[in-house]
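Following: one structure in structure tokens, then a few remarks.
The values are calculated or read from the model by the stated rules, or taken from the named source; none is laboratory data. As the structure is a computational prediction, the values presented were derived from the model and not from experiment. All Cβ positions, even for glycine, are placed from backbone atoms using ideal geometry, and neighbour counts span all protein chains on display.
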Amino acid sequence: MADIHPFRGVHYNQRKVKDLAEVICPPYDVISPQLQQELYQRNEYNFVRLEHNRELPQDTTTDNKYTRSAAVLERLLTKRRLSTCTTTISTTAAGNTVGAVSSPAFACRNGRTTSSVPTKARLPSTPPTD
């Protein structure tokens with residue numbers, strides 16, 4: 001059986017990154033080398049540096065696109081260009097699951113990001129069925 005652990009979501013801190021159009025990118029599997037170069041030049045905080053970092057001829061097992069992406073993530077978190085959401089999950093006496101999401105710039109409701117902070121969101125007590 002899978003061992004599943006919660007994690008904190010990460011998003012751009014709009015107090016530090018004003019124009020999200022400068023830092024977002026398409027999914028990695030549709031990024032051509034030319035587009036990758038354009039995204040790199042667009043903004044030093046563009047998500048392409050995390051999602052689809054460059055492969056270099058001198059890559060090694062300790063210095064490669066994955067280790068560079070990890071270093072970029074650490075730098076963006078340290079410089080507060082990226083922020084993490086804080087989520088608290090609790091169960092009411094009636095058995096309903098309630099989540100409170102708090103973040104400096106965003107709150108999450110039903111899987112969507114909004115700009116209100118903080119927000120209480122009602123979470124389903126059972127996963128949806130297909």
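Go through the range 1-17 residue by residue and tally those that are assigned to a loop (DSSP other than H, G, I, E, B) and surrounded by 10 or more Cβ atoms within 10 Å (Cβ to Cβ).
Total satisfying the criteria: 7.
With the structure loaded, tell me whether T62 is at pLDDT 95 or above, in a loop (DSSP other than H, G, I, E, B) and out of contact with any helix residue (DSSP H, G or I) (no Cβ under 8 Å at 6 or more places or on another chain) or whether it fails that test.
Yes.
Hey, could you check the range 43-59 for residues that are assigned to a helix (DSSP H, G or I) and either at positive phi or out of contact with any Leu (no Cβ under 7 Å at 6 or more places or on another chain) (or both) and say which is surrounded by the fewest Cβ atoms within 10 Å (Cβ to Cβ)?
Looking at residues that are assigned to a helix (DSSP H, G or I) and either at positive phi or out of contact with any Leu (no Cβ under 7 Å at 6 or more places or on another chain) (or both), I get E51.
Taking the range 21-69 on its own, how many of its residues are closer than 20 Å to H11 by Cα and of a type outside the set (A, V, I, L, M, F, W, C)?
The qualifying residues number 17.
Kindly indicate whether any position in the range 15-22 is among the hydrophobic types (A, V, I, L, M, F, W, C) and in contact (Cβ under 8 Å) with a residue 40 or more places away in the chain.
There is at least one residue in the range 15-22 that is among the hydrophobic types (A, V, I, L, M, F, W, C) and in contact (Cβ under 8 Å) with a residue 40 or more places away in the chain.
Go through (1) over 17 Å from R8 (Cα atoms); (2) surrounded by 14 or more Cβ atoms within 10 Å (Cβ to Cβ); (3) modelled with pLDDT under 50 one by one and return the number of the condition P127 breaks.
(2)
Within the range 20-42, can you find the residues that are under 16 Å from the mean Cα position of the chain (by Cα) and in a loop (DSSP other than H, G, I, E, B)?
V23, I24, C25, P26, P27
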